[in-house]
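The values are calculated or read from the model by the stated rules, or taken from the named source; none is laboratory data. In this text, all values refer to a predicted model and were calculated from it rather than measured experimentally. Reconstructed Cβ throughout: ideal geometry from the backbone, glycine too, with neighbour counts over all protein chains shown. These accessible areas exclude ligands, DNA and RNA; they are computed on the full protein's heavy atoms, side chains included. Shrake-Rupley method; radii C 1.70, N 1.55, O 1.52, S 1.80 Å.
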Amino acid sequence: MIQVERVDYIRVPVTDIEKAKHFYGELLGLPRNPLPPGTLALRVPDVAEAKAKLEAAGVEVNEMWDSGVCRGAGLRDPSGNPILLHRRYKPYEQG
């Protein structure tokens, strides 16, 4: 089992972008993530270690990457949903 510290973000697919912007942005006050929808991002202490543990358990994990903000590696759950393992270099600002 890998150690997940928290869910850092979830990208939610929507059918009406204007209604979604109003609901999530104006009513709930959430900032919009400019990245594609449908991904669950899990913060882990060490991406390479989590990747190795999952691969040892038979899970196919993509190659690791570095965005300059965080390190990560992607995989899919048994239903094909994308999951991102990641670790930011700098913690999120509180607030």
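For log10 I(q)/I(0) by the Debye sum over Cα atoms at q = 0.11, 0.15, 0.17, 0.25 Å⁻¹, which listed value, [x] -0.58, -0.89, -0.98, -1.23; [y] -0.38, -0.67, -0.82, -1.33; [z] -0.52, -0.74, -0.81, -1.27, comes from the coordinates shown? Correct label, based on the coordinates given: [y].
Per atom type, the range 50-95 shows carbon and sulfur on 51% of its accessible surface, probed at 1.4 Å.
Per residue, the accessible area of the range 1-86 comes to 70 Å², computed with a 1.4 Å probe over protein heavy atoms only. Placing pseudo-labels 7 Å out from each Cα toward the beta carbon at ASP46 and ILE10 gives an inter-label distance of 2.9 nm. Computed from Cα atoms, the angle from the helix 47-56 axis to the main principal axis of the chain rounds to 60 degrees.
Gain on full extension, evaluated as 0.36 nm per residue between ILE17 and VAL59 minus their Cα-Cα distance, stands at 11.8 nm. For a straight C-alpha distance cut-off of 18 angstrom, the aspartates and glutamates reachable from LYS90 (same-chain residues fewer than eight places away being disregarded) are GLU5, ASP8, ASP46, ASP66.
Over the chain, DSSP H runs of length four or greater, each weighted -39,500 (n - 2.57), average out per residue to a 222 nm ellipticity of -3500 deg cm²/dmol. I want the local charge near LEU75. Using Cβ-Cβ distances under 9 Å, sum +1 for each Lys or Arg and -1 for each Asp or Glu among the other residues. Summing Lys/Arg as +1 and Asp/Glu as -1 gives 0.
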